[in-house]
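The next block holds one structure in the form of structure tokens; read it before the comments.
The values are calculated or read from the model by the stated rules, or taken from the named source; none is laboratory data. All of these numbers come straight from a predicted model, not from anything done at the bench. So basically every Cβ, Gly included, is an ideal-geometry build from the backbone, and we count neighbours across all protein chains shown. Note: accessible area is taken over every heavy atom of the protein model, side chains too, but ligands, DNA and RNA are not part of it. Shrake-Rupley method; radii C 1.70, N 1.55, O 1.52, S 1.80 Å.
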2 protein chains.
Amino acid sequence: METRELRYFVAVAEELNFGRAARRLGMAQPPLSRAIARLERRLGTELLVRDSHGAALTGAGRVLLREARTALDAVAAAEARTRRAGRPALVLAAKAGASTELLAKLLAAYAAEPGSVPVDVRLCQYGEQGVLLRRGEADAALLHLPFDSVTGLDTEELHTEGQVALLPAGHPLTARRELRLADLADLPDLPAPRYPRPDGTHPDGPGPAIRDHAQLYQLIALGRTCAVLPDSCRTQLRDDVAAVPVPDAPRVTTLLAWPPDSRSRPLADLLRAAAGR
Amino acid sequence: METRELRYFVAVAEELNFGRAARRLGMAQPPLSRAIARLERRLGTELLVRDSHGAALTGAGRVLLREARTALDAVAAAEARTRRAGRPALVLAAKAGASTELLAKLLAAYAAEPGSVPVDVRLCQYGEQGVLLRRGEADAALLHLPFDSVTGLDTEELHTEGQVALLPAGHPLTARRELRLADLADLPDLPAPRYPRPDGTHPDGPGPAIRDHAQLYQLIALGRTCAVLPDSCRTQLRDDVAAVPVPDAPRVTTLLAWPPDSRSRPLADLLRAAAGR
DNA sequence: TACGGCGATACCCGCCGGGTATCGCCGGTG
DNA sequence: CACCGGCGATACCCGGCGGGTATCGCCGTA
């Protein structure tokens, strides 16, 4: 199988429409149909069932969609890492606005290592760090359990902390010394924010769709939503947002993740710095 | 990058000789040279330095070799898993001759699960199980720490045990109640077996090159080598091989491994059966 | 019944991936 | 020192395949 065929299949499987997929790929529809048909013939399986409305995935098609995405990521990673090879700099991906203190400490500790190398910090939207790692555009990433997925990555735990509720300053609940998760569920005036799913789409619901922390803070300050976030976010609160501890919220673990088998000197140094020797 | 180009590059990088690589690929040398040159041009990096003796990898070339192998594995996995999709059977890879009792128990426990599916057991040579998993030719594998690599796989520990030395029956050391690793190092009459490295090649040395347990047992019985293996191998000893405990050998953990993100029903059932509910 | 949108088919073209022949370079060897 | 052999690069050619356009058959809908 050639990567071109995989790209074609992913486009069709995502659009479920040959014409739209062809347009997205910048080509005409007939060669795309032929390419998919050839792929099915070679695999000996139907991937899509077509009718005059469009197409639908078969079981094998769903399998190939998932597998093709990871294979294409691996190819993209091969390309990106080769391009970056020799360029002596470390790319570290981190959620914008999260674990800022920890990140600063980590960067300082690494910079103090002998033989350390410039670190290019890429601040990401929610869930983007994993993609950057898997695509080879970053050497390491700061992730947060239980929010981010770490399947297929090597990791090192850095820090664990509780969570606090962030509410608009002056909201009645800010008078409480503590809150429970149940207190925050289904508040009519503060609908829960809708965080992106791993595929980048947002679930349905009344609350605002969120992409990063800056957005979230501003929406909380505006009284449009509330959120439960790790304790460490308190260091960067302005006075239009109030924090109340939520003891029954799951604890959050910050960890450093990197692609398995990567064994570069700078990455090893970063891990050593992160572990505090 | 197309997978064809990656296959070409891997062939050249492994042979370090364009002519041989071309022969291995079943093609002529000039188009191969051109393809590699085009790849380098597109990546903007030298991958190989050529002289009239052959070629050598640059730093970027070494990176691409590693990355290309994993990318090609991912593509092969996409193909294999799609081909197997719908075929309702589990493929379980296990080292031939290792953990036989555990394997039997696991198979029995899984077969007792409601909705269980036929299990195709693939008995492998040393280190082959990981490859089968990564290539998508197996759904799960039994691996042994610290021998097998589990990077990039999800795992569940099943069992931990000590190790015993296997010696030819009648060898002087079999008179001892216990041995230490040091006792077995550099025995002139029983040179240590040479296990394959992850890439399939064998290290140099005086001992015999080993591919699987059957080979190993026979060579021990013949008085050509000795080995340190998990306790559980005693259940299948014939009387021409003797076992002596080695308390200072590292403990061996048997674990069940599967590719990250695989979420098929049969695999989930197998994991449940392995965990004993 | 006409129409519009879907994927499939028929047919054509140009490019690129493959081939052969040959070159330039170098190192070993009689 | 001249020659040879093996290496990768270059020059040149060809056929197939990946892409295009035009059109068809099917079906749901107005």
**OP:** For segment B:56-77, indicate whether the set of residues that are farther than 25 Å from A:Gly136 by Cα and out of contact with any Asp or Glu (no Cβ under 6 Å at 6 or more places or on another chain) is non-empty.
**Re:** no
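Across segment A:27-40, which residue is farthest from the chain's Cα centre (by Cα) among those that are within 14 Å of another protein chain (Cβ to nearest Cβ) and more than 8 Å from DNA strand C (Cβ to nearest atom)? Walk me through it before giving the result.
Initially, segment A:27-40 is screened for residues within 14 Å of another protein chain (Cβ to nearest Cβ), giving A:35-36, A:38-40.
Those left that are additionally more than 8 Å from DNA strand C (Cβ to nearest atom): A:35, A:38-40.
Details: A:Ala35: 32, A:Arg38: 34, A:Leu39: 31, A:Glu40: 32 Å.
Taking the candidates together, the pick is A:Arg38.
For (1) closer than 26 Å to A:Gly59 by Cα; (2) within 29 Å of the chain's Cα centre (by Cα), each residue gets a yes or a no:
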| residue | (1), (2) |
| --- | --- |
| B:Leu43 | no, no |
| B:Val49 | no, no |
| B:His53 | no, no |
| B:Asp73 | yes, yes |
| B:Gly115 | yes, no |
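Taking into account only those residues within segment B:2-17 that are surrounded by fewer than 20 Cβ atoms within 10 Å (Cβ to Cβ) and more than 7 Å from DNA strand C (Cβ to nearest atom), which is nearest to A:Ala74 (Cα to Cα)?
Within segment B:2-17, the subset surrounded by fewer than 20 Cβ atoms within 10 Å (Cβ to Cβ) is B:2, B:4-5, B:7, B:10, B:14-17.
Applying the additional criterion that residues be more than 7 Å from DNA strand C (Cβ to nearest atom) yields B:2, B:5, B:7, B:10, B:14-17.
Working: B:Glu2: 12, B:Glu5: 14, B:Arg7: 14, B:Val10: 15, B:Glu14: 20, B:Glu15: 23, B:Leu16: 24, B:Asn17: 26 Å.
Among those that are surrounded by fewer than 20 Cβ atoms within 10 Å (Cβ to Cβ) and more than 7 Å from DNA strand C (Cβ to nearest atom), it is B:Glu2.
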**OP:** Name, by its number, the condition in (1) within 22 Å of B:Gln236 (Cα to Cα); (2) open to solvent by 30 Å² or more (accessible area, probe 1.4 Å) that does not hold for B:Asp154.
**Re:** (1)
**OP:** Would you tally the residues in segment B:222-262 being surrounded by fewer than 19 Cβ atoms within 10 Å (Cβ to Cβ) and more than 23 Å from the chain's Cα centre (by Cα)?
**Re:** 12
Subject >> From the options A:Arg24, A:Arg4, residue that is at the interface with another protein chain (Cβ under 8 Å from one of its Cβ atoms) and in a helix (DSSP H, G or I) >> reply: A:Arg4
Original post:
Looking only at segment A:46-60, which residues are facing another protein chain (nearest Cβ under 8 Å) and within 15 Å of A:Leu6 (Cα to Cα)?
Top reply: A:Leu47, A:Ala60
Original post:
Is there any pair with a first residue in segment B:66-93 that is free of Cβ contacts under 8 Å to residues at least 60 places away in the same chain and facing another protein chain (nearest Cβ under 8 Å) and a second that is part of a helix (DSSP H, G or I) and charged (D, E, K, R) whose Cβ atoms are under 7 Å apart and which are 6 or more apart or on different chains, and what are they?
Top reply: B:Glu67/A:Arg81; B:Ala78/A:Glu67; B:Arg81/A:Glu67; B:Thr82/A:Glu67
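For segment B:139-183, name all the residues that are within 14 Å of chain A (Cβ to nearest Cβ) and modelled with pLDDT of 85 or more. Spell out the reasoning first.
To start, the set of residues in segment B:139-183 that are within 14 Å of chain A (Cβ to nearest Cβ) comprises B:139, B:148-156.
If the condition is that a residue be within 14 Å of chain A (Cβ to nearest Cβ) and modelled with pLDDT of 85 or more, then B:Asp139, B:Asp148, B:Ser149, B:Val150, B:Leu153, B:Asp154, B:Thr155, B:Glu156 are the ones that fit.
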Original post:
Can you find even one residue in segment B:59-81 that is within 16 Å of DNA strand C (Cβ to nearest atom), outside any loop (DSSP other than H, G, I, E, B) and farther than 30 Å from B:Glu156 by Cα?
Top reply: no
Original post:
Is there a residue being part of a helix (DSSP H, G or I), within 16 Å of DNA strand D (Cβ to nearest atom), open to solvent by 20 Å² or more (accessible area, probe 1.4 Å) and under 20 Å from B:Glu137 (Cβ atoms) anywhere in segment A:40-55?
Top reply: yes
Original post:
If you go through segment B:27-37, how many residues are outside any loop (DSSP other than H, G, I, E, B), more than 8 Å from DNA strand D (Cβ to nearest atom) and free of Cβ contacts under 8 Å to residues at least 12 places away in the same chain?
Top reply: 0
**OP:** Only strands (runs of 3 or more DSSP E) wholly contained in segment A:109-225 count here; list those with 1 or more residues that are closer than 22 Å to A:Ala89 by Cα.
**Re:** A:119-124, A:140-145, A:154-161
Subject >> Output for segment B:231-276, where each listed residue is within 14 Å of another protein chain (Cβ to nearest Cβ), outside any helix (DSSP H, G or I) and among the hydrophobic types (A, V, I, L, M, F, W, C) >> reply: B:Ala257, B:Trp258
